[in-house]
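Reviewing the structure listed below.
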Amino acid sequence: MANPGFESVKRRIENLRRAEEGNKTYLRRHRIGEYLPGQAIYNLGDYPKRFTIEPTEYDYNLIKDMAENGVKVIQVHEEWNDAIRHLGADKFSSHDHEGMKNFVKLCHSFGIKILPYVSTGYFDIRDPDFREEFARSTYGYHAEHLNYRKCYAGSPMWRYYLISKLKNAVETYGFDGIFNDWGYDGGNLYAEEMRKQGMELSGAKSWEMPYDPLLEDMLSEIYVEIKKQGGIVKIHCDRNNKPPCKDKVYDYLWIGECVNSDDFGAGKEYEPYVVPCEHGEYSDAENPDLYYVKTIPFMQFPLLKRGRPLMGSGIYEEGVDYVEIGDFLHHKRVGEYMKEHPDGPFVYSLWSKIPDDTEEYPRWCRYMKLYSPMVKENSVAYIELKESEYISSPIPEKVCASMFVNEDEYLVLSNLGTENYELMLKDEWTDRVSGVSGRCHIVKPKNILFLKK
C-alpha cells in the first residue's frame, strides 16, 4: 500500500528538479517563507466623531468569515487612535482603550494578526508634544481635521520620542506589529529638486529617490524592535514607491494607493512581499477582475477593503478645528451618499468607490482560494518566465507567465495584450477554473489563467 507522505515528498523533489532544469530565464526566483498573502483594511469608525471600538456581533461574524476565507492580517487606520487629541487620547493610544484591546483579542481568536496605523513622519503640529526640532522643513499634509508636519529621520528628538511611543503602543494593545505610512519629507525635497531641473513628478506613479542612510537607520531600528516582539512591519511609501534604503526595513510593502495604475506588475522589481491596493475610484468597472490579472503573476495579492461601513459623519464634528477641505472630499461625498442610501450599498475605506463594489469581497475570496496553494510555505516561485522548457509557444511582451512549485506544479498566466494568446505546453495541464485539460490553452485579453500539472 502506497505511503501518501512518502509519495508527497517524492513528488515535491521531482517537481523542484524539473523546475530548476526547465525554467531557464525569468525576472526572479523566490523561495516563499513567512508570507501572509491574505491582508485587509478594516474600518472601525468615522473619526473624529466619537464611536466605540468594542467588538459587536457584526464584527464577530465578519472577522470569522474573513478568517475562513483566507484573511491572515488586517490593518486598522487612524481611527484607532486620537491623532488630534479630540477624544482624550493621542496619536499613539486609542480613544477607546478597552474596546481596542478587545478588538485585538477578537482578531487573535480567529488567528488573524492586526496592525495599527502609525507614521514615522506625520505628526500634528497642534499636538502639545510637537517640537519644531522634530522637523527640518515645513512639508506636511493638511486636509480635513489633520494639520501634519513631516518629521525628520535625522532628528534625535523625534526619533527618541517616536520609537518609545511605537514600542509602548504595540505592547499595550497586543498588536502584531505596525503599518507605517511613512510621511517622508525627503520625497518632497527630491521632488523640489527635480522641479528645478524641469521635471514634474506630481503625476508620476513612482520615482527613484536617492539613498537616505538616516531614514534607513531609523526604519531599521524600528524594524529590529518590532521583530524582537515577533511582529510584522508593513510600510507605505506613497504611490508605487519603495523606501530609498539598502537594508531590509519591511516585511510587506503597500503600493498603489491613489494611483490610477495601468502598469502590468507595478512594483515587481521590489523585494517581496508587495501588497497592492486597488484604488476603487480608478478601477475598471467593466472588468473588475483586471487588478488580479495585473498582480497575481508577480506574487502580489490585492488588499481587501472591509470592516464597518463609513458613514461620512466625522467631516463636520463639533469642537474640531478643521484645517481645510481642499480637494480631499471623500468623507464629505460619503456623507452625502449615505444620506441618500442609509441601507447601502456601503463604503469601507478612503480607497473605495462610492459605494464599494458589492462583489469585491466574494471576488477577493475566489481569487484567494486559487492563490493560496501556490504560495504556501516553502514553495518556490519563478516570476515572469522568459524562457522555459514547459512552454513551447513564444511569450509575448504583454503576457506574464509564472510558475509556483511545491508538492504540486502551478502555472499562472496573464494577458494584457489586445489579442488572444495561444499557450502551447510540453505536457498536459489542467485549467483550475474550468477543469479542462490539454497542452493548448487560450488566454483572452485582460484575463488570467490558472493551471495545475
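The values are calculated or read from the model by the stated rules, or taken from the named source; none is laboratory data. Just so it is clear, the structure is predicted and the values come from calculations on it, not from any experiment. For neighbour counting, all protein chains shown are included, and Cβ atoms are generated from backbone atoms with ideal geometry for every residue, glycine included.
If you scan region 393-421, which residues turn out to be free of Cβ contacts under 8 Å to residues at least 40 places away in the same chain and of a type in the set (Ser, Thr, Tyr)?
Passing the criteria: Ser393, Thr418, Tyr421.
Of everything in region 364-392, what is among the polar types (S, T, N, Q) and touching a residue at least 60 places away in the same chain (Cβ under 8 Å)? Give them in sequence order.
Ser372, Asn378, Ser379, Ser388, listed by residue number.
Without any contact (Cβ under 8 Å) to a residue 40 or more places away in the chain and more than 21 Å from the chain's Cα centre (by Cα) - does that describe any residue in region 297-313?
no
Could you please find all residues in region 9-32 being among the hydrophobic types (A, V, I, L, M, F, W, C), surrounded by 13 or more Cβ atoms within 10 Å (Cβ to Cβ) and in a helix (DSSP H, G or I)?
Scanning region 9-32 gives Leu16, Ala19.
Can you tell me which of Tyr160, Tyr184 is in contact (Cβ under 8 Å) with a residue 12 or more places away in the chain and hydroxyl-bearing (Ser, Thr, Tyr)?
Criteria check complete, one pass: Tyr184.
When you scan region 93-209 for helices (runs of 4 or more DSSP H) that lie fully inside it, which ones turn up with 1 or more residues that are closer than 30 Å to Ile63 by Cβ and either in the same structural domain as Asn43 (by TED's automatic domain parsing) or modelled with pLDDT under 95 (or both)?
Correct list: 97-109, 156-173.
Considering (1) among the hydrophobic types (A, V, I, L, M, F, W, C); (2) touching an Asp or Glu at 6+ places or on another chain (Cβ under 8 Å); (3) under 30 Å from Ile442 (Cβ atoms), say which one Phe346 fails and leave the rest.
Condition not satisfied by Phe346: (3).
If you scan region 171-219, which residues turn out to be among the aromatic types (Phe, Trp, Tyr), surrounded by 13 or more Cβ atoms within 10 Å (Cβ to Cβ) and under 30 Å from Gly231 (Cα atoms)?
If the condition is that a residue be among the aromatic types (Phe, Trp, Tyr), surrounded by 13 or more Cβ atoms within 10 Å (Cβ to Cβ) and under 30 Å from Gly231 (Cα atoms), then Tyr173, Phe175, Phe179, Trp182, Tyr184, Trp207 are the ones that fit.
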